[in-house]
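Chemist: I'd like to ask some things about the structure below.
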Amino acid sequence: MSEIYDLVIVGAGPAGITASIYATRAMLKFVILEKSFAGGQIINTYEVDNYPGIQNVSGFDLSNMFTEHATSLGVEIKSEDVIELILDGPIKKVITSNGELQSKTIILSTGAQWKKLGVPGEDQFTGLGVSYCATCDGAFYKGKQTVVIGGGDVAVEDAIYLSRMCEKVTLVHRRNELRAVKVLQDKLLKTPNIEVIWDTELEEIFGDTSVEGVKIYNKKTGEKTTLNVSGVFIAVGTSANSELVKDQLKLDSGGWILTDEDCETSIKGVFAVGDVRKKSLKQVITAAADGAIAVFASERYI
């Protein structure tokens, strides 16, 4: 008979890593799986200044702190891609690239991924001037002109970050006001080499072997404009990585997993934490809280 775990954690972002720390302290028999690298999307964040007790830290460094804390307790993050989940019944099954695991409970910490706009040239020039991560790729555009598409926290953070190395940054937003928090808006509007273009959408990305410019249009006037830029940074939100469970768990219309206050999903013994679950605030601190809550709830379930 194969080994049965108390808990399998799928995903090693801040929520999953926190869950592993709490599972270790609870002396649960568990395993944490990650298909790519530990840390989640936070590793692409230039600066985190709202995590209590830790000031002036990059997302990459904060992610390393999370991971090092877990590994110091003996947590081993296994590099395995989860292919299928079978969640009905008292013992859940996790089918991975290396075989099958069985567990009494599951914590899903699969996060979210960047949304695409679907405009001409976007796929063609991804990696050739089109990026979804300013902190990953911004250094390639030192002294050049770039454009950021979006109006939320990430878009504004990206524009501010790029302004430190680019000759000029243009923020294109489809509305007449930003959705970003006020402190970021103030910083953006005070940065001299950032221009904001309102009520405007991206129509096309063009170039030869790499990005040479974009075509945009104003939704109110219908005016079309061409911007000559070397880099296009798209920051228009995220979509949930819930494909594995879309036919088993209750999701909202956007694909986010629905849970109760204990992070438990529509199937008993299955929990969702972090950015993959439906909630009003998606931050490192709320992801970490989710991980702790879910382990506490899984203990009671067991």
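The values are calculated or read from the model by the stated rules, or taken from the named source; none is laboratory data. Predicted model, so just to flag it, every value in this text is computed and none were measured. Cβ: placed from backbone, ideal geometry, glycine included. Neighbour counts: every protein chain shown.
Chemist: Could you tell me which of the residues Gly237, Gly231 is out of contact with any helix residue (DSSP H, G or I) (no Cβ under 7 Å at 6 or more places or on another chain) and either more than 30 Å from Thr110 (Cβ to Cβ) or not β-branched (Val, Ile, Thr) (or both)?
Modeler: Gly237
Here is a yes/no grid of residues against (1) modelled with pLDDT of 95 or more; (2) among the small types (Gly, Ala, Ser); (3) in a strand (DSSP E or B):
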position: Leu7; (1), (2), (3): yes, no, yes
position: Ala38; (1), (2), (3): no, yes, no
position: Ile42; (1), (2), (3): no, no, no
position: Thr67; (1), (2), (3): yes, no, no
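Chemist: Report every pair of residues separated by at least 6 positions or lying on different chains whose Cβ atoms are under 6 Å apart, first residue within the stretch 265-293 and more than 11 Å from Ala15 (Cα to Cα), second buried (at least 24 other Cβ atoms within 10 Å of the Cβ) and small (Gly, Ala, Ser).
Modeler: Once the first residue is more than 11 Å from Ala15 (Cα to Cα) and sits in the stretch 265-293, its partners that are buried (at least 24 other Cβ atoms within 10 Å of the Cβ) and small (Gly, Ala, Ser) give Thr265/Ala272; Phe271/Ala294.
Chemist: So, one more: Hey, could you check the stretch 158-197 for residues that are among the hydroxyl-bearing types (Ser, Thr, Tyr) and within 23 Å of Gln41 (Cα to Cα) and say which is surrounded by the fewest Cβ atoms within 10 Å (Cβ to Cβ)?
Modeler: Selected residue: Tyr161.
Chemist: Within the stretch 107-148, track down each residue that is of a type outside the set (Gly, Ala, Ser) and part of a strand (DSSP E or B).
Modeler: Residues satisfying the conditions are Ile107, Leu108, Gln113, Trp114, Thr126, Val130, Gln145, Thr146, Val147, Val148.
Chemist: Counting only residues that are surrounded by 14 or more Cβ atoms within 10 Å (Cβ to Cβ) and among the charged types (D, E, K, R), how many does the stretch 220-244 have?
Modeler: 0
Chemist: Another question, then. Which one of Gln113, Gln185 is closer than 30 Å to Leu249 by Cβ, polar (S, T, N, Q) and out of contact with any Pro (no Cβ under 8 Å at 6 or more places or on another chain)?
Modeler: Answer to the check: Gln113.
Chemist: Would you mind telling me which numbered condition in (1) in contact with a Phe, Trp or Tyr (Cβ under 6 Å, 6 or more places away or on another chain); (2) more than 24 Å from Lys278 (Cβ to Cβ) Lys168 fails?
Modeler: The number of the failed condition is (1).
Chemist: Pull up the stretch 139-157, narrow it to residues that are out of contact with any Ser or Thr (no Cβ under 8 Å at 6 or more places or on another chain) and of a type outside the set (A, V, I, L, M), then point me to the one that is surrounded by the fewest Cβ atoms within 10 Å (Cβ to Cβ).
Modeler: Gly143
Chemist: In the stretch 158-212, which strands (runs of 3 or more DSSP E) lie fully inside it and hold 3 or more residues that are touching a strand residue (DSSP E or B) at 6+ places or on another chain (Cβ under 8 Å) and over 20 Å from Lys116 (Cα atoms)?
Modeler: Counting at least 3 such residues, we get 194-197.
Chemist: Here's something else I'd like to know. Consider the stretch 245-261. How many of its residues are closer than 15 Å to Thr110 by Cα and surrounded by fewer than 19 Cβ atoms within 10 Å (Cβ to Cβ)?
Modeler: Qualifying residue count, the stretch 245-261: 3.
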